[in-house]
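Notes follow the structure.
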Amino acid sequence: MNTLISQGGRAITKFQVVDRINDIGWQAHQGSVAAIIQLLNEKLAQSCVRTRAIFSDGVLQILCEAARVEQLEQSPLVEQIQQILESIAPRHIRRVKINSRIVREQQLLWLKEIDSDRENQLLWSQEITLIQPIL
């Protein structure tokens, strides 16, 4: 066996490390924003909602975009995102701000644009706090 690391009397092989590297759920749990967004997009695909995110100033900023306003109804969307994130339980992420707008494909600096003109850029915005799992 090709042992890489010994953790608490348990050895981890190179193959297990590779499995973890390819495990999006594990990466999301570790706090990878890219992995969190991948899982959110997979789970929100039926709703035709796409997400983008950035971790800024201790807050996971999520942008939800859809083609139509009714796809971005605040209450059910916030509840769904909170449930998804709490099931992932991302390490070191407690505060989340969910922003929504009609889709604009070619805007890479979306957070800067939103911060400079919230009134005209967003349909709504809501901050939530994730319940942390008891370990």
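Quick notes on this one:
- Among (1) under 17 Å from the mean Cα position of the chain (by Cα); (2) at negative phi - the single one His92 does not satisfy: (2)
- Looking across region 104-118 at every residue that is open to solvent by 60 Å² or more (accessible area, probe 1.4 Å) and closer than 15 Å to Ala66 by Cβ, the one that is modelled with the highest pLDDT is identified as Arg104.
- Residue within region 49-67 that is in a helix (DSSP H, G or I) and of a type in the set (A, V, I, L, M) present: no
- Number of positions in region 3-49 that are acidic (Asp, Glu) and at pLDDT 95 or above: 1
- Considering only residues in region 83-101 that are out of contact with any helix residue (DSSP H, G or I) (no Cβ under 7 Å at 6 or more places or on another chain) and assigned to a strand (DSSP E or B), the one that is least open to solvent (accessible area, probe 1.4 Å) turns out to be Lys97.
- Selection within region 63-82 - open to solvent by 50 Å² or more (accessible area, probe 1.4 Å) and in contact with a helix residue (DSSP H, G or I) (Cβ under 9 Å, 6 or more places away or on another chain): Pro76, Gln80
The values are calculated or read from the model by the stated rules, or taken from the named source; none is laboratory data. Just so we're clear, the structure is a prediction, and the values are computed from it rather than from any experiment. Cβ: placed from backbone, ideal geometry, glycine included. Neighbour counts: every protein chain shown. The accessibility values were calculated without ligands, DNA or RNA, using every heavy atom of the protein model including side chains. Shrake-Rupley method; radii C 1.70, N 1.55, O 1.52, S 1.80 Å.
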